[in-house]
Amino acid sequence: GLLSWLPWSGTLSGYLTSIPTSSLSTYLTIDWLSDEHESVMLEILGKDVHELDRIIIRDALFYTILTSAYTNRYNYSTDHHYDWLRDLGIQLRTEKSQLLTIAHLADQHHWVAVVIDFASEQIFIGDSMSSDLSIGSQMRCVLDWWINAHMLQQFTYHRLPITVQHDGYSCGLLAWNAIAHHLDPERYTLISPLQVKDERIQVLLTLAR
């Protein structure tokens, strides 16, 4: 099959995310997905929806970088390390675009889906551990700070539709599925929690093509 043609040494080709091909076997297990796994999944999605206007997809390290910028917020406007982040904020504000990413909550070892819509001035959070809107005070502080650094308006928070997980390992796949469903609900339906293992295999088959 397809997997027999996939080299199990070196790094995956055709993607910006640098991920060892040997790590792809994680998709066949119930092991927790790393930021490399999440980022390459977001790249798959980006290729699928590249024709959509005003959509910016950032990798799974984006929120971690944003948190670092928040910690160093008093130097944000002048620190050259954040030139690209300031440019991104200006682009989102000017184009009224949506930013989509998957955020790692380090204190919970948990992935959540994040959509920041600069047109509607709304933030959508998809947390597979909760059937209600769930956002920690730290995340709210980080997102509010970055938006207020570029816009005067206060964005409102809403729950992003997402499947509620029934185990301890599905958050990464379900966060990705929520982002995909938000972009194209006809093509990407919200999966059943019982389908997570099958969907992980489908991701691997897509990467192996």
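The values are calculated or read from the model by the stated rules, or taken from the named source; none is laboratory data. As the structure is a computational prediction, the values presented were derived from the model and not from experiment. Backbone-built Cβ (ideal geometry, glycine too); neighbour counts: all protein chains shown. Heads up: the accessible areas ignore ligands, DNA and RNA and are worked out on the full protein's heavy atoms, side chains in. Shrake-Rupley method; radii C 1.70, N 1.55, O 1.52, S 1.80 Å.
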Amide H of Thr11: which non-local residues (sequence gap of 5 or more, or other chain) have their own amide H closer than 5 Å, using H built in the peptide plane? Thr21
Report, in cubic angstrom per residue, the convex hull volume of the C-alpha atoms of the chain. 129
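Using the Cβ atoms and a cut-off under 11 Å, what net charge is assigned to the surroundings of Ala149, where Lys and Arg are +1 and Asp and Glu are -1?
+2
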Charge tally for neighbours of Asp79 with beta carbon under 14 Å away, counting Lys, Arg as +1 and Asp, Glu as -1, is 0
From zero outward in steps of 10 Å, how is the percent of C-alpha pairs of region 89-169 spread across the bins? 17, 51, 25, 6, 0
Solvent-accessible area per residue for the chain at a 1.4 Å probe radius, Å²? 50
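Can you list the trypsin sites (Lys or Arg not before Pro) in region 120-207 that are in a DSSP coil and have 16 or fewer other beta carbons within 10 angstrom?
Arg187
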For His110, which sequence-distant residues (separation of 5 or more, or a different chain) have an amide H within less than 5 Å of its own amide H, given hydrogens modelled in the peptide plane? Leu105
Lys and Arg at +1, Asp and Glu at -1: add these up for the other residues within a Cβ distance under 15 Å of Leu105 and post the number. -3
Sulfur and carbon atoms: percent of accessible area, the chain [1.4 Å]: 53
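DSSP loop trypsin sites (Lys or Arg not before Pro) in region 31-84 with at most 11 other Cβ atoms within 10 Å of their Cβ, which ones?
Qualifying residues, ordered by number: none.
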